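Nothing in this text is a laboratory measurement; each read-out follows from the coordinates by a stated rule. None of the values given here were measured: they were computed from a predicted structure. So basically every Cβ, Gly included, is an ideal-geometry build from the backbone, and we count neighbours across all protein chains shown.
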Amino acid sequence: MEATLFHDFEHVTSYYGNVPERPMQPDGHIEIYKMHESDRDPLDEDFTDAINRVCDTTLGYGDVDFFDARQCRLLAGWLEARLEQPITPRLAEIYRKLDDFARRAVEYNTGVVIEL
C-alpha cells in the first residue's frame, strides 16, 4: 500500500490504462509514501467511497488508481475538510501526507497514484 507523487512525467515509460508506471526505485522524479497493511481496512471504510464520489475515481480495496491534477485539487479539498473532523491519529497522519502530495501534484500539474 502506497501513494506515489509524480514531480513530472519525464521518465514514465509506460502506462497501465491511465496509471503511469513508476520506476522501481525512487529517482528524484517521484516520492513514495508507504502505508501499512493494517491501514487497508480503515482506509477502505473512511476514504475509498467518499473519494470515488468526489474525484470520480474507481479506487477499491486492493486496487490502484491515478489522480490527475484536477482530481488532486478535489482530493486535497476533501482531505482538508476530513482532517477538521474527529479521526484516528493514524488516519490523520495518512491524510496529511496525501494532502501534501495532492497539493504538490496540483502545483506540478502532475498527479498521484494511490494503491490500497
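Write out the chymotrypsin sites (Phe, Trp or Tyr not before Pro) in the range 11-108 meeting two conditions: DSSP loop, and at most 14 other Cβ atoms within 10 Å of their Cβ. Let's see the in-between values first.
On the way: sites: Tyr15, Tyr16, Tyr33, Phe47, Tyr61, Phe66, Phe67, Trp78, Tyr95, Phe101, Tyr108; in loops: Tyr61.
Passing both the DSSP loop test and the Cβ count: Tyr61.
Find how much the distance from Phe9 to Gln85 grows on full extension, using 0.36 nm per residue of separation minus their present alpha carbon separation; answer in nm with one decimal.
Numbers: separation 76, 0.36 × 76 = 27.36 nm, distance 3.46 nm.
So the extension gain works out to 23.9 nm.
Quick check on the exposure proxy: order Cys72, Cys55 from fewest to most C-beta atoms within 10 angstrom.
Result, fewest neighbours first: Cys55, Cys72.
Between Val19 and Glu31, how many nm apart are label points set 7 Å from Cα along the C-beta direction?
Rounded to a tenth, the inter-label distance reads 2.2 nm.
Please determine, in degrees from 0 to 90 and to the nearest 10, the orientation of helix 89-108 with respect to the longest principal axis defined by the Cα atoms of the chain, where the helix direction is its Cα long axis.
Rounded to the nearest ten degrees, it is 40.
Could you work out [θ]222 nm for the chain from helices alone, using -39500 (n - 2.57) per DSSP H run of at least four and dividing by all its residues? Round to the nearest 500 deg cm²/dmol. Before the final figure, lay out each step's value.
Values: 4 runs with 46 residues, N = 116.
Result for the chain: -12000 deg cm²/dmol, rounded to the nearest 500.
Read phi for every residue in the range 10-17 and hand back ³J(HN,Hα) as whole Hz from Karplus 6.51 cos²θ - 1.76 cosθ + 1.60, θ = phi - 60°, with x for Gly and Pro.
4, 9, 7, 9, 7, 10, 10, x
Using each residue's phi in the range 64-79, evaluate 6.51 cos²θ - 1.76 cosθ + 1.60 at θ = phi - 60° and report the 3J(HN,Hα) Karplus result to the nearest Hz, with x for Gly and Pro.
Once rounded to whole Hz, the list reads 9, 8, 9, 10, 6, 4, 5, 5, 5, 4, 5, 4, 4, x, 5, 4.
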